[in-house]
Each structure stands twice: as structure tokens, then as C-alpha cells.
2 protein chains.
Amino acid sequence: MKIVCSQVDLKNNLSLISRAVPSRPTHPILANVLLVADEDKNQITLTGFDLSLGMRTTFSAEVEEGGVITLPAKLFNDIITRLPEGQIVLEYEEDELDENPLVSLNSLSGKFQLRGVKADEYPELPTIEKEEAFYLSIPALSEGLKGSLFAASSDETKQILTGIHLKRQLDSLEFAATDGHRLAVVKTIEEKEDEDETETENPITEEQNFTVTIPARALRELEKIMAMGKEEDSMALYVDEGQVVFELGTQHLTSRKLDGAYPNYNQLIPKSFERSIVIERKALIDSLERVSVLTDQKNNLVKFSLNTESKQVNVSVEAKELGNAKESIDAEIIGDDFEIGFNIRYLMDGLKALSTNEIKFQFNGVTQPVIATPVGGMQMTYLIMPVQIRD
Amino acid sequence: MKIVCSQVDLKNNLSLISRAVPSRPTHPILANVLLVADEDKNQITLTGFDLSLGMRTTFSAEVEEGGVITLPAKLFNDIITRLPEGQIVLEYEEDELDENPLVSLNSLSGKFQLRGVKADEYPELPTIEKEEAFYLSIPALSEGLKGSLFAASSDETKQILTGIHLKRQLDSLEFAATDGHRLAVVKTIEEKEDEDETETENPITEEQNFTVTIPARALRELEKIMAMGKEEDSMALYVDEGQVVFELGTQHLTSRKLDGAYPNYNQLIPKSFERSIVIERKALIDSLERVSVLTDQKNNLVKFSLNTESKQVNVSVEAKELGNAKESIDAEIIGDDFEIGFNIRYLMDGLKALSTNEIKFQFNGVTQPVIATPVGGMQMTYLIMPVQIRD
């Protein structure tokens, strides 16, 4: 193999797919990246794979002699990151491939040699029959992920809840995540393409509806791929029995699906409410950040008191031994005076994801689910279970 | 007590002295800061103290009613940091002082109450008879600390080596630090003051010579105090049997001295050398950072090869299983071809502290101490013991 490529291209592509390389691999070869140099196409393809999440990326290079090799991902990445900008020549002798060859990396600054491992044992990325792709617009996908990823469970024993549930119905795509304490649901509408040909060739039909639960971890990496794309690009999604594949230009992400029935979350969302407030999001976040200093690590309790007379919501925290804090924020209140407790962390997570100037909270009783929605902007519903206030 | 002060003043002063508050205090009161409000002077004084390092700072405020109280440092600091800019009113009822009073903190955003603890048990900062102050210029002190602090030992069992040794002889002040593997010595010259009165009033005499070893930890905090001062300021230093006190304006730092004889380091520095190189500092650091990726965690060995023919120094690392790296850097070489090994971490620490464009290395044999000095700029000597190269 002999290839000449730019340090910047190699660095960017390597650092992207390195995120799929496991830090504690179940098999040693998985700690490596797969490098394929295609002499005909003058392209380099890099792959990282932990058997659940796989990432693959392709970029142009001068391939003087093609080949296939794997290299230790961390060392390779650490070296490439530190090399000066400019050309890198990467090569090894094909006749050394029986043993694990020393791959040399020559740059302006000097010469590295890195022990490669032949690619025989490197697993294949799962492939999918690519006939039914769903195209998702980047802005809609971004919005959906931003509004849901934070609410997924990090508890690996709750398998299905560590994922994001995607539901496509005609031109809408719904994202849902819950960890049992709170639920975030974002509904995005696919924009109709302006060009007639697209509309007639790819009308969205009921047969194209699907539901799938994808590990949050894979979707966090997808966000990074999207950050490299343009707003007007579309992400292609392929779904089969066990896998999903996302494709954006030459970037490719594959992930296993999460098995099991996703909770029927829509039935948890109350349809009518006894009271509501509209409040400035930023002011509320600032207050919560201040009073959170005094919340108890155990229950993280913050109390909301709706005061119809002063037209204010009082946000307060009581730490018996240490002190207390109280702030008042103007709000439009519909309903009567009312007190309710929240886990401050869950509350702040949602407020940070909601992204509009004003937030509407809707309440029933002190033990019933509370709904927060943005006023204007994205279609998002954040359900949070109250915490009992103990006196 | 009732005081009105600016959030910015309180925040800055509190965050400074909080650094002397121990995270695991030997006595609960030491987790608090001492707050003294002086009604006559309209000043607030804050103190943090871990029984070894003490910091005290004074700033102006409106003191409507004086008083003395201690507050939990971490919570107090966390709250003040988050409060909006503007006035803060801090108060408690003096008649509640028998119990630990709730101290209220009112700001534009709302009201905090924080449980205070009366100051009776808070220890006194050590004081020193303030007749013989030494005045150190800020630039000289900065230079001395930057060039030595990094080389102090972090091994608490080597007490005396965890400090910086200061030696004043007439108008020179020498800073030394060593951890047994390397030694850094910086010599600074006190600039003569231009104003005649200072020169005649405070001539430096032999009686003012002193040597003292001060914990590196205290001097790292001193660097932060200095960052708040101006270049033309002078730091006052008071030394007695067990303590040192530094004073800069209203900032005050006290530290115990380290007991024991400091190694006679000057005898370790060779007086003559068989060979030397002059090399660009930045190029060498960059090369070392790249090749360090492949150094073995255990001995961190990097090899220097002086090549008189190519007029280059080859910097190389060999990681048997993983690969190797080699870079070449132009250098002026005096002497014959030569190979020597270093601990790459010790080498980089010194290079980063040296701060000139070019560095001179002086060598004798492969097991004898090597000296690095800046070419031009500060008077610094960095001694590093070579590591044996095993083939």
C-alpha cells in the first residue's frame, strides 16, 4: 500500500470514526480502525466498529498502490492529530503482510512507524438491502435529537429506554425518549420539496411509515456527522430487522436496533389541565441555577409556588441544616394558587432543551404529571413527574 | 451585621481566599471563611486558612453595622458566583449570635439564607513582627516562580523538596526547586529603584540576606495574587522562625516554612562540558510532543542523537510492540557525535518553562547531568539526569 493524503482530511475523518472504536474492546482487533485504499477510485475508507455502532467514512487521496490494513485507533489518531498540516505518505510493503507489517507515516516533520494488523479478522459492517430509504431533512433531524436525547435513560439495565423511539407517519417524524421520570416528545414535519420531480417521484405513502428504537449513543454520534453536513442535505435512513443505517454523503453510520416494545408514551400525556403558567425560560433557568446550590443531593427538590395575586412564581429550596433560597419570577398564571415540587435536575434538563423565549407549564394535581411546552417554535412536549413536598 | 457590597468585589475576593480553605478540613470550622465587617473603615476582610496556608483580603463596602461571622466557604462561594452583578446586602441579627445565625444574602434576583457559625473557634492567622520587610518586584518574582515551581516534588514524603528554596544575596534572589530527578534554578536581579529617596532609605545590606524554603502550594496561590497586582507593585515578604508572610496591597498570604536543610544544589551543577548544542525551543517541543505518543509509560525514554555531519539532532522513540518515531531538528553542535536518553516528561517540563526562542544543552558523558539554559532572556539553569538507553 502507498497513499498520499492531506493531514487535515485524514485527521478529520479519523477522529470521526474513532468514536465508534470501543475503549474496552471485546476482541483486540476492534481497538483498530480498518483502512482501505482504493487505487481505482483514489479513495481512502476508514471504519470503526464496536459490533453495535459502526462508522465509516470515505475521502479522496492519491492511492499509488491500494491495500487493506488495520491500525491501532488511539495511537494512529494521537499521531495524526499532532502531525503538521500538509501531505502525509502512508505505506507498507505488501510482502510483509503475512506478518503484521510496520506501516510508515512520513510527514514534513519526520517519520513514524506503527505496527499494523492484517484485516482478515476485522468484522464486516452489517449491510441492508438499500431499496427503501427514508430521507430526513437535517434541520428536522437536529431539532428532534436535541429535544429528546437528553431524556433517554443512561441505565443499561433498562435497555429499551436507553434509546430514542422514532415514529414516522406520512410527513411527520416523532422522536421520543424517557427514563421513567420524565418524557420528551418532539414532532417534526418534513418540508415538502419545491422541485416537482422530487414530489412526484417520492411521495410519502403509508407504507413508508415505521417505528424504530435506536440507541441514544449512536444518535449522539449521528449529531456529529450532521454537524459536518449542510442544512440543505438529507440524511438517508435504511431500516431492517436488526439494524439501521444512516448515510450522509460519504459518511455512513450503522447501529443495531433496540429490541422490545417501547412504552406507549402518548397515553401518559394528560389531555386537559386545571392550571397553567407562561414564564420566561431564561429567567427561570437562571433562578434554578442559583437556588440549586442549596438543593439536597438526595431528592434535588425545588418548590414552585404559583401566586396569582403578585402574578409571580416563587421558586424555593430548603436545606434544613444549611439554609434556604427563594426567588420570584413574573408569570402569566391561569388557575388558583398552587404549590408543587420537582427534581431540579430533570426540570433544568428540559428547560435547556426547549429553546424558546417562553415556556408554558400545565398542571393538574400535585402528584399528577406536569407538561412543559415551548411557546412558539418547535413542537415539543416535556412531561415531568412532580416530587412530593415533605414538610 | 449589615453590609452592602458589590457582587463583583465579593466574588473576586471570595474566590481568591477560598483557595486556602481545605476541602477536607481537620476541624469543621476550617471549611468556613471568616468575614469581618469594619464599621469605622467601611471595609470587609475575608480569611481562609488550612493551618499551613492562610489568605486574607480586604475590600471596601458600605458597613451599616459591623460584625464577625464565618460562613461555609464552598456554598457561600457557589451562591455569590451565581448572583447577578449589582448590590448584595448581607445581614444577620446580632442577638441571634448565641446560636448560629441565618445570614441573609439579598440581591436583585432574590433571597438566600445561609447558616453562619460564630467566629470564636476560628484560628488566628499567624502574625510576624513587621520590622524587616523584603520588597520583591512583581516581574522578578513571577519569573522566578514560573521557572522553578514546575520542578518541585509532589511527593509529600519528601517534605523539603515540595518547596521552593529562596536565597537572597544582596540584590539577587535565587529560586531553586528539585524533585531528585531534575533541578531548576532561576536567578533574578532586583532592579534599582529610580527614585533617590528609595535608594538611600532602603539600601540592600548583607544583613538582609536570607534563605527560606516555602511550600510550592503557597507560592502557586501567590502567583494568583500577583496576577491581580500591577507590574510596578512590590511584594513585601516577612520571614520569621516558622512563617513567611507576603503582602501586596490589601492581599495577604501567610504560610509555614518548610523545615530541614535544602540540598546544596549548586554543587550538582557541572562547571565544564564536553559538548553542547543550541536548538530552537519550539521546534524541539513540537517534535517531542509528537514522538511522545509512542513513549512507554514506564521509562518515558526519548533518545537524542547528535549528528555533526548533518548538523541535526535526531529525536527518536522506540516502542517495541507498537512502532517507533524519529524526527530531525537542525542544531548548532559543538563536540562529537553522541547519543543520550531522557525522560521525555522531565525534558518537556523544562523546555516549557524556559521561554526563550533558543535553548542551549550542555553534556558530558551519557550518565552525567545535562544542563539546559535559555539563550538570552532569564538566568535559568535546568539540570536533568539522563536515562540509560537499553538496547
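The values are calculated or read from the model by the stated rules, or taken from the named source; none is laboratory data. Bear in mind the structure is a predicted one, so any value in this text is a computation, not a measurement. When we count neighbours, we look across all protein chains shown, and the Cβ atoms used for this are built from the backbone with ideal geometry, even at glycine.
Tell me whether the range B:242-259 contains one or more residues that are surrounded by fewer than 15 Cβ atoms within 10 Å (Cβ to Cβ), among the acidic types (Asp, Glu) and under 21 Å from B:Lys158 (Cβ atoms).
Taking every residue of the range B:242-259 in turn, at least one turns out to be surrounded by fewer than 15 Cβ atoms within 10 Å (Cβ to Cβ), among the acidic types (Asp, Glu) and under 21 Å from B:Lys158 (Cβ atoms).
Could you grab me the full set of residues in the range B:52-78 that are in contact with a Gly (Cβ under 9 Å, 6 or more places away or on another chain) and under 23 Å from A:Ile285 (Cβ atoms)?
Residue satisfying the conditions is B:Leu75 alone.
So which residues in the range B:42-57 are surrounded by fewer than 19 Cβ atoms within 10 Å (Cβ to Cβ) and either more than 19 Å from B:Lys224 (Cβ to Cβ) or within 14 Å of chain A (Cβ to nearest Cβ) (or both)?
Hits for the range B:42-57 are B:Asn42, B:Gln43, B:Leu51.
Of the numbered conditions (1) over 28 Å from the mean Cα position of the chain (by Cα); (2) over 18 Å from A:Ile389 (Cβ atoms); (3) within 14 Å of another protein chain (Cβ to nearest Cβ), A:Glu289 fails exactly one; give the number of that condition.
Every listed condition holds for A:Glu289 apart from (1).
Does the range A:58-67 contain any residue that is within 14 Å of chain B (Cβ to nearest Cβ), on the phi < 0 side of the Ramachandran plot and not small (Gly, Ala, Ser)?
Taking every residue of the range A:58-67 in turn, none turns out to be within 14 Å of chain B (Cβ to nearest Cβ), on the phi < 0 side of the Ramachandran plot and not small (Gly, Ala, Ser).
Within the range A:87-97, how many residues are at pLDDT 95 or above and either small (Gly, Ala, Ser) or more than 18 Å from B:Asp286 (Cβ to Cβ) (or both)?
Residues that pass the stated criteria total 3.
Could you please give the count of residues in the range B:146-162 that are crowded, with 21+ Cβ neighbours inside 10 Å and closer than 26 Å to B:Thr356 by Cβ?
Going through the range B:146-162 one residue at a time, the tally reaches 4.
Going by the structure shown, is B:Ser272 of a type outside the set (A, V, I, L, M, F, W, C) and modelled with pLDDT of 95 or more?
Yes: the conditions hold for B:Ser272.
Give A:Asn100, A:Asn106 a once-over and let me know the one that is closer than 20 Å to A:Ala61 by Cβ, touching a strand residue (DSSP E or B) at 6+ places or on another chain (Cβ under 8 Å) and not hydrophobic (A, V, I, L, M, F, W, C).
A:Asn106
Enumerate the pairs (first residue in the range B:327-353 and over 18 Å from B:Val387 (Cα atoms) and within 14 Å of chain A (Cβ to nearest Cβ); second residue anywhere and surrounded by 15 or more Cβ atoms within 10 Å (Cβ to Cβ) and of a type in the set (S, T, N, Q)) with beta-carbon separation below 7 Å, excluding pairs fewer than 6 apart on the same chain, so at least 6 apart or on different chains.
Cβ pairs passing all conditions: B:Glu327/A:Ser109; B:Glu327/B:Ser287; B:Ser328/B:Gln312; B:Ser328/B:Asn314; B:Ile329/B:Ser287; B:Ile329/B:Gln312; B:Asp330/B:Gln312.
Taking the range A:71-127 as the region of interest, how many residues are of a type in the set (Val, Ile, Thr) and closer than 15 Å to B:Glu321 by Cβ?
Adding up the residues that qualify gives 2.
Got a sec? Which strands (runs of 3 or more DSSP E) wholly within the range B:77-175 have at least 1 residues that are within 14 Å of chain A (Cβ to nearest Cβ) and under 30 Å from A:Val317 (Cβ atoms)?
Of the strands (runs of 3 or more DSSP E) lying wholly inside the range B:77-175, those with at least 1 residues that are within 14 Å of chain A (Cβ to nearest Cβ) and under 30 Å from A:Val317 (Cβ atoms) span B:87-91, B:102-107, B:110-115.
Quick one: would you say A:Leu322 is free of Cβ contacts under 8 Å to residues at least 60 places away in the same chain and touching a Lys or Arg at 6+ places or on another chain (Cβ under 7 Å)?
For A:Leu322, the condition - free of Cβ contacts under 8 Å to residues at least 60 places away in the same chain and touching a Lys or Arg at 6+ places or on another chain (Cβ under 7 Å) - is met.
Got a number for residues in the range A:356-380 being out of contact with any helix residue (DSSP H, G or I) (no Cβ under 7 Å at 6 or more places or on another chain) and either part of a strand (DSSP E or B) or in the same structural domain as A:Ser172 (by TED's automatic domain parsing) (or both)?
Number satisfying all stated conditions: 8.
Is it true that some residue in the range B:219-230 is at pLDDT 95 or above, among the charged types (D, E, K, R) and surrounded by 19 or more Cβ atoms within 10 Å (Cβ to Cβ)?
Within the range B:219-230, one or more residues are at pLDDT 95 or above, among the charged types (D, E, K, R) and surrounded by 19 or more Cβ atoms within 10 Å (Cβ to Cβ).
When you scan the range B:225-271, how many residues do you find that are polar (S, T, N, Q), free of Cβ contacts under 8 Å to residues at least 60 places away in the same chain and part of a loop (DSSP other than H, G, I, E, B)?
Number satisfying all stated conditions: 1.
Looking at the range A:308-326, which of its residues are closer than 23 Å to A:Val375 by Cα and either surrounded by 15 or more Cβ atoms within 10 Å (Cβ to Cβ) or away from every other protein chain (no Cβ under 14 Å) (or both)?
Matches in the range A:308-326: A:Thr308, A:Lys311, A:Gln312, A:Val313, A:Asn314, A:Val315.
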